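Reviewing the structure listed below.
The values are calculated or read from the model by the stated rules, or taken from the named source; none is laboratory data. It should be emphasised that the depicted structure is a prediction, and the values quoted were computed from it without experimental measurement. Counting neighbours? That spans all protein chains shown, and the Cβs are built from the backbone with ideal geometry, glycine included. Just the protein is used for accessible areas: all its heavy atoms, side chains included, with ligands, DNA and RNA removed. Shrake-Rupley method; radii C 1.70, N 1.55, O 1.52, S 1.80 Å.
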Amino acid sequence: MTQTKKTALTPLSPSLRANVQAVNARFGGSSDLVVRLFRSDAAPERELGLLYIEGLVNTDVINESLLAPLMSMKLPPHMEGKSDRLMEALRTSVVSIGSVKEAAALEEGIQQMTDGWCLIFVDGNAVALMAAVGGAKERAIGIPQTQTVIRGPQRAFVEELGTNISLIRRIIRSPDLHVQTHKIGTQTHSSVAVLHLHGVADQGIVKEVYRRLAAIDLDGILESGYIEEFIQDETFTMFPTLLNSERPDSVAAGLLEGRVAVLVDGTPIALIAPTTFFSFFQSAEDYYQRYDIASFVRTIRYAAYVMSMLLPALYIAVTTFHQEMLPTTLLISLAAQREGVPFPGLVEALLMEMTFEVLREAGLRMPRAIGPAISIVGALVLGQSAVQAGIVSAGMVIVVSFTAISNFVMPENNMAATSRIIRFGIMIMAGMLGFFGIFISVLFVLIHLASLRSFGVPYMSPVAPGGKSGGLWRDVFVRVPWWAIVLRPLDMKLRNPKRQRSGRKPPAQRH
Amino acid sequence: MKAIRLLLLGSLLLLQTGCWNRVELNDIAIISATGVDWENGKWVLTNQIVIPKAISGQAGGGRTAAVNVFSSTGDNFRIAISKASQESSRRLYFSHNQIVIIGQEAARKGVGPLLEAYLRNHDSRETVDVFLSKGTARLMLEQLIPLEQIPGAAIQRMIVNEEMSSSSYRQMTIHHVLMDLLGHTKATSIPGLALAGSGESTDRVDMLSQTSTPSKVRLSELGLVYGDKLVGWIGEEQSKGVMWLTNHVDKTTVAFACTAGGKGRQGSSARVLHSVTKVKPQQQDGKWVMKVNIEAQGTLLEYDCGGDLMKPEEIWEVERLVEERIASIVTDGWEVVRKHKVDVLGFGTLIYKHHPKTWKVIERNWKEEFPQTEIELNVNMKLSSTGMSGKSFKEAQKKPGL
């Protein structure tokens, strides 16, 4: 699947000079293409050429494992004088590099060069020897930036695919962990690895991932977000149907549950599919800390998510339509705050919500050095002064602040973003129809959620469609102790739906 | 593309609703209390509206009164309300109304129209407390009450407090009144409000800056209503008797004297913490006899008599004294209600419940038959504690010193 396009391959020429020229021409004379021509002691009559791209290779390896042995090599006794078998000798006994291949076509060699391989031409041979000497400078493995935990591994993916795969292999040390790498991007030739646990994951879904990946024909893949938009089931939805993670342990957990992971070279963010609505409320830490605390925190997360979606709308509805629902004292206090506020409740709320969104975006994009300045302007000037100036009421500031904070409890940023958009729609409905409007909106969202699928798995499972085994519910709204989670969570045909044998509750020990 | 166009058209429909019946918080006048008076052949409706800004917020709470009182006149209630818009900048908002005060004159004229208005309109709540007032309702609404900023809410809390700690009067909501007046006896009792003190109206904020106000609103007497008209008032002690008879006493304090028969100064008191009254009607010699059984339980609060309370027999003696006192309160209450010939005690309803067929016969002339009814009282008081000391202080002093 490396090259889906069938282009005519140019065979290599026996002439070293011609080959070097061809490669050079193909790269347009790029200055980072290094061409080293030399002669070996074994066959001084034949010129050898070493080609690689600077920066993609490890020059130490080239110097020690390639150039030095090549220059000083001696032909083995049985090959004495047979300089035409030099190529074979190189491969079998000189080049001390793990991955070595031969290329007969120019394109083949060039493709490998961009991956950090070097080409060795021997004059008179129409074949190139390729050796993997990659080793560009990479960022060290760091701690997770977006999905932080207190208890649990503190390793995050980096940009390099090989490192990322190794991070997962170091967690799941099993030959059943199968990795398939695809090259996607007609220009970038980005490596995209698909990982699944053989014997656990549903083969149909694995095949479907392969199929959807093969259909991508974009010039460049810079981040897994590109892949996500190509392989998700439904484009016109505000809800993410693929889970993102920068945590190797989260991806490993997904694989153990029978999901498929997609890792893209050049980004620390991996994709996990299929996924359900409820997976977005599960933090890695839920499984590391005690189950009772994890369940409590998870419940809070659900509540906060609902709040972040509905709170401003509820405030608008209550203060402009259903004042009778408030306790009298609260009503009077709210009414006092609203004295002199020139805008209707809806406009006031929209104004404050927009202000917050702008602040948030500014906080993300601005240069780090300006951070404190923005905080002061945002918190003091906009919050306090807006109230003092009588543009918005203090209650509204509290509502907007709490809404904003509720939004940050979500372990998955893309699901949090969803509620930020939907919130505005519900606010407008609440401003026009009160609770009735909120009810319509919530119903609309629920119906939409129930219609979504992720790689064929219903998005709301196991809640809707319901009626399935209760064992699937043990890790949805709460997390039961580990010994009780017998079934894998996905409501699909897994090869092996059981994680462990049941009845593993530790017996009470009496001493 | 077509779908998007349809969606856009559809969203235009939303705008057509024009925000339905939206009303902003600063477009409503929150009414905390309503008063009803009858003057010169017209209903006078008085509203006490809350001025939110004067209550909370930084702008000098306490300088200005938190409420404003204004009246409007009309041949009926709703016309009076609608006339209020001629002098109010905001829509009157009744959903948070706490109390309704009915002036004496209006109550004598009849509260039917008021109840009719309450039954028909959705924004008036039946959980509103009802009071009668000795003076005009407007005068009661104008009074400021210390501690509380909204007088309407203050009066509402006053009756709740009274009901919970002393049970001389009982909270009567519009709902209760409606249930009684639409019930079998067509009679009810509503607590009254009066202005106690010098009679000078406490209607300026600066008067609250003194340690005592010249006059204050207080609960006073119980108004008896028959049909929809006020027929008479009974005093606080009698009102308590009514509360005992109707099982509305929960917690109260009973003062009692040391001697049997209730003679002498009532120097001791017991706190009733729980009480249940059961009434059973019986027909005896063509007369109705109400078997009243009161089971009360409480503790001794103050003791001024002799005897050693460490002995159970002495306690039984005290219990008997309390029982006697309760019986005399109940009897007093019963006698005065009987005199007014208004069955606010719900005896008629009880007869209906126990003997529905008989009730159908006597229902018509129940008003005449009610005063003929007798009650047979049985009070059982149980003192569960004498407090932290045994003998009275005086008794203890008689002993040689320590």
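Based on a Kirkwood Rh over C-alpha pairs, give the Stokes-Einstein translational diffusion coefficient of chain B at 20 °C and viscosity 1.002 mPa s in µm²/s.
88 µm²/s
Mean residue ellipticity at 222 nm from the helices of chain A, using -39,500 (n - 2.57) per DSSP H segment of n ≥ 4 over the full residue count, to the nearest 500 deg cm²/dmol?
My calculation for chain A gives -11500 deg cm²/dmol from helical runs alone.
Given H placed on each backbone N at 1.01 Å, which residues far from B:Met172 in sequence or on other chains put an amide H within less than 5 Å of it?
Distant-sequence amide H within range of B:Met172: B:Val130.
Could you report the accessible area of A:Met87 in Å², rounded to 10, computed with a 1.4 Å probe on the protein chains as they sit in the structure?
10 Å²
Going by Cα centres, the stretch A:13-77 and the stretch A:103-138 are how many Å apart?
Value for the Cα centre distance between the two parts: 10 Å.
Net charge within 12 Å of B:Gly262 by Cβ-Cβ distance, Lys/Arg positive one each and Asp/Glu negative one each, not counting B:Gly262 itself?
+1
What does the charge count near B:Trp38 come to, summing +1 for each Lys or Arg and -1 for each Asp or Glu among other residues with Cβ under 12 Å from its Cβ?
With Lys, Arg at +1 and Asp, Glu at -1, the neighbours total +1.
How many angstrom lie between the C-alpha centres of the stretch A:217-264 and the stretch A:195-213?
13 Å
Collect residues whose amide H, placed 1.01 Å from N in the peptide plane, falls under 5 Å from the amide H of B:Val231; neighbours closer than 5 in sequence don't count.
B:Leu224, B:Val225, B:Tyr226
Only Lys, Arg, Asp and Glu count, each charged at its Cβ (+1, +1, -1, -1), so figure out the dipole size of the stretch B:208-319 about its Cα centre, rounded to 20 debye.
For the stretch B:208-319, the charge dipole is close to 440 debye.
Between B:Arg90 and B:Asn378, what is the FRET efficiency for a Förster distance of 45 Å, r being their Cβ-Cβ separation, to the nearest 0.05?
0.20
Once you wrap a convex hull around the alpha carbon atoms of the stretch B:107-249, what is its projected area averaged over all directions, in nm²?
One quarter of the hull surface, i.e. the mean projection, equals 9.2 nm².
Taking N as the number of residues in the protein assembly as shown, what is its alpha-carbon radius of gyration divided by 2.2 N^0.38 Å?
My calculation over the Cα atoms of the protein assembly as shown gives 1.50.
Report the FRET efficiency, 1/(1 + (r/R0)^6), for A:Leu449 and B:Ala3, where r is their Cβ-Cβ distance and R0 is 22 Å, rounded to 0.05.
About 0.65, to the nearest 0.05.
Give me the percent of DSSP beta bridges within the protein assembly as shown that run antiparallel, rounded to the nearest 5.
80 percent
Using the basic label-point model (7 angstrom from Cα toward the beta carbon), what is the A:Arg17 to A:Val377 distance in nanometres?
Rounded to a tenth, the inter-label distance reads 6.5 nm.
Would you mind working out the accessible area per residue for the stretch B:237-402, using a 1.4 Å probe, and quoting it in Å²?
Ligands and nucleic acids excluded, the figure is 55 Å² per residue.
Which listed residue (B:Thr73, B:Ile150, B:Ile234) has the Cα farthest towards the positive end of the charge dipole for the stretch B:25-234, taking +1 on Lys and Arg C-beta and -1 on Asp and Glu C-beta about the Cα centre?
The residue sitting farthest along the positive end of the dipole is B:Thr73.
For the residue pair A:Asp60 and B:Val231, what label-to-label distance in nm results when each label sits 7 Å from Cα along the Cα-to-beta-carbon direction?
Here the modelled spin labels are 11.0 nm apart.
First select every other residue whose beta carbon is under 14 angstrom from the beta carbon of A:Pro342; then total the charges, Lys and Arg +1, Asp and Glu -1.
Here the count lands on -3.
Can you tell me the orientation of helix A:291-320 relative to chain A, as the angle in degrees between its alpha-carbon axis and the longest Cα principal axis, to the nearest 10?
60 degrees
Towards the positive end of the charge dipole of the protein assembly as shown, with charges on Cβ (+1 Lys, Arg; -1 Asp, Glu), say which of A:Phe38, B:Phe370, B:Gln171 has the farthest Cα.
Value: B:Phe370.
Mind grabbing the accessible area of A:Leu218 for me, 1.4 Å probe, Å², rounded to tens?
Only protein atoms counted, so the area is about 50 Å².
Just from its helices, what would the mean residue ellipticity at 222 nm be for chain B, if runs of 4 or more DSSP H residues each count -39500 (n - 2.57) and the sum is divided by every residue, rounded to the nearest 500 deg cm²/dmol?
Per the formula, -9500 deg cm²/dmol.
So if each residue of separation counts as 0.36 nm, and I subtract the Cα-Cα distance between A:Arg499 and A:Ile143, what length gain in nm does that give?
The span from A:Arg499 to A:Ile143 would gain 125.3 nm if fully extended.
Nearest 10 degrees is fine. How inclined is helix A:203-214 to the longest principal axis of chain A, computing both from alpha carbons?
On a 0 to 90 degree scale, this one is about 70.
Explain nothing, just the number: dipole magnitude of the stretch A:161-275 about its Cα centre with +1 on each Lys and Arg Cβ and -1 on each Asp and Glu Cβ, in debye rounded to the nearest 20.
Charge dipole, the stretch A:161-275, about its Cα centre: 460 debye, nearest 20.
Using Cα springs under 10 Å in a Gaussian network model of chain B, which residue among B:Arg265, B:Arg78, B:Arg22 shows the largest mean-square fluctuation?
For chain B, modelled as a Gaussian network with Cα springs under 10 Å, the answer is B:Arg22.
Could you check the spin-label model distance between B:Lys311 and B:Ser389? Points 7 Å from the Cα along Cα→Cβ, value in nm.
Inter-label distance under the simple model: 2.0 nm.
Gap in Å between the Cα centre of the stretch A:313-384 and the Cα centre of the stretch B:206-273?
When both Cα centres are located, 51 Å separates them.
Keeping all protein chains in position, work out how much accessible area A:Phe408 exposes to a 1.4 Å probe, and write it in Å² to the nearest 10.
Around 120 Å² of this residue is reachable by solvent.
Taking the Cα centre of the stretch A:291-458 as origin, sum charge times position over the Cβ atoms of Lys and Arg (+1) and Asp and Glu (-1), and report the length of that vector in debye to the nearest 20.
400 debye
For the interface of chains B and A, what total accessible area is buried with a 1.4 Å probe, rounded to the nearest 100 Å²?
So the buried area, both faces added, is about 2200 Å².
How far is helix A:413-433 tilted off the main Cα axis of chain A, in degrees rounded to 10, range 0 to 90?
Helix A:413-433 sits at roughly 30 degrees to that axis.
Under a 5 Å amide H to amide H cut-off, with H placed in plane at 1.01 Å, what residues pair with B:Gly74 once short-range neighbours are removed?
B:Trp43, B:Leu45
Can you tell me which of B:Gln143, B:Gln86, B:Gln98 moves the most in a GNM of chain B? Springs connect C-alpha atoms under 10 Å apart.
Highest fluctuation among the options: B:Gln86.
So, how do all the Cα-to-Cα distances of chain A break down into 10 Å bins, in percent, from 0 on up?
Answer for chain A: a P(r) of 3, 15, 20, 19, 16, 12, 8, 4, 2, 1, 0 percent.
Based on the Cβ-Cβ distance from A:Met325 to A:Ile398, what FRET efficiency comes out when R0 is 22 Å, to the nearest 0.05?
0.75
Only bridges whose two residues both fall in the stretch B:237-402 count here: according to DSSP, what percent of them are antiparallel, nearest 5?
65 percent
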